[in-house]
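One structure is given here, and the rest of the page talks about it.
The values are calculated or read from the model by the stated rules, or taken from the named source; none is laboratory data. What you are looking at is a predicted structure, and each value in this text was computed from that prediction instead of being measured. Cβ coordinates were reconstructed from backbone atoms using ideal geometry, including for glycine residues, and neighbour counts include every protein chain displayed. Ligands, DNA and RNA are stripped out before the accessible areas are found, and what is left, the full protein with its side chains, is counted by its heavy atoms. Shrake-Rupley method; radii C 1.70, N 1.55, O 1.52, S 1.80 Å.
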Amino acid sequence: MNSGRPIFVVGCPRSGTTMMQLMLHAHARIAIPPETRFVLSAYYRRHQFGDLRQAERRRALARWIVDRKVTRFCDLGLDADDIVERITAGPGTLGAALGTIFQQYSARFGKPRWGDKRPAYAQNLDVILRLFPDAQIINVVRDGRDCVASLKEMSWHKQDLYGTVAIWARAIDEARRAARQLDSTQWHQLRYEDLVADPETHLRGVCEFLGEEYDPSMARPNEVADVAVPKFKTWHERTHSEVTTQRVQSWQQRLTTDEIGLCEAALGSRLTEWGYELSGAPRPPVGDLMRYQVATVKHRVAPLRRAMASTGRRVRPGLPVARTPEEAAPQA
């Protein structure tokens, strides 16, 4: 059993990552909480907290996490003061401090194994692996046209069509990069369409990757939705229903011909790479393709920025952030 290894679910937003979160949470040994907002923020603010080998620094970090609504700690159902004391008394790395919160979430359900889910982790896998070098990562891929159609309908999504299409392109490119760099014990990916068409077969594959026995409850994620999906997230209302193929290829009704044309012109090779057939929609005007290219600029430079940051860390190494195997042991 890989009981000490954390599990991270990643993918483009609206690709089925919440459904995968619930499928894993339904397992008798695994707990995956509602989406949080403190892991990446804490990492990028780590210099603000200083040397976490000092107890008072760990306390300041813990209070920063539990006292701010934006971190979504409030959705975990944990006692804030208890978490503060556990982090303060715990090991002196950021990975260990963050892991303490997830360990206590899994303990809330009497489960030995924990994980986390957030689509943004797909663009920050280097951060996740710095914090948790032994992490196992599950990437969910969905037809880019369906992701675009769904994102367009989200009240919280602020990108225009061109930026939205670019988001899916980057998610696929990040997954391709990760698949080259990580081995089969650390990286596993599957298509949303295959998962909803035959949940048991593909969940058995997930469990084999994780080193866990398959639990039939995983194919009924709706049974744990009331616990693991906050009620205010109305855009996840479908998670309260049984797994269905109803939304597969719904882009055919939810996107206009022009929108389909842009998606296929911009994403065509990536779509076919993942086995998605193109509709043959008319190619969009050159101006639309140029607007899409402008929207991709920040995504294209992201790998270069990460490479430069990695070089900087080697030249000027900072304080350790990784959770060590010793720190992975459950706390009493």
| said: Here are the criteria: (1) of a type outside the set (D, E, K, R); (2) open to solvent by 10 Å² or more (accessible area, probe 1.4 Å); (3) within 27 Å of VAL301 (Cβ to Cβ); (4) not in a loop (DSSP other than H, G, I, E, B). Tell me which single one MET154 does not satisfy. | reply: (4)
| Looking only at region 269-281, and only at residues there that are of a type outside the set (A, V, I, L, M) and under 12 Å from ILE172 (Cβ atoms), the one that is surrounded by the most Cβ atoms within 10 Å (Cβ to Cβ) | TYR276
| field | Pairs with Cβ under 7 Å, 6+ apart, first in region 73-91 and at positive phi, second open to solvent by 40 Å² or more (accessible area, probe 1.4 Å) | value | GLY77/ARG108
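Where residues in region 44-67 are among the charged types (D, E, K, R) and touching a Ser or Thr at 6+ places or on another chain (Cβ under 9 Å), which of them is least open to solvent (accessible area, probe 1.4 Å)? Give the derivation first.
Going through region 44-67, the residues among the charged types (D, E, K, R) turn out to be 45-46, 51, 53, 56-59, 63, 67.
Add one more test, that the residue is touching a Ser or Thr at 6+ places or on another chain (Cβ under 9 Å), and what stays is 53, 56, 58-59.
Values: ARG53: 152, GLU56: 118, ARG58: 24, ARG59: 91 Å².
Only one residue tops the list, namely ARG58.
So which of THR201, THR185 ends up being under 20 Å from the mean Cα position of the chain (by Cα) and open to solvent by 40 Å² or more (accessible area, probe 1.4 Å)? Outline the logic, then answer.
On the way: THR201 fails: under 20 Å from the mean Cα position of the chain (by Cα).
That would be THR185, the only listed residue that is under 20 Å from the mean Cα position of the chain (by Cα) and open to solvent by 40 Å² or more (accessible area, probe 1.4 Å).
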| field | Candidate set from region 188-223 (those that are in a loop (DSSP other than H, G, I, E, B) and not charged (D, E, K, R)); member that is farthest from GLN21 (Cα to Cα) | value | GLY211
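In region 1-50, what residues are of a type in the set (Val, Ile, Thr), in a loop (DSSP other than H, G, I, E, B) and modelled with pLDDT of 95 or more? Break it down into steps so the answer makes sense when it comes.
If we filter region 1-50 for residues that are of a type in the set (Val, Ile, Thr), which is where we start, we get 7, 9-10, 17-18, 30, 32, 36, 39.
When the remaining residues are screened for being in a loop (DSSP other than H, G, I, E, B), the result is 32, 36.
Across region 1-50, the qualifying residue is only ILE32.
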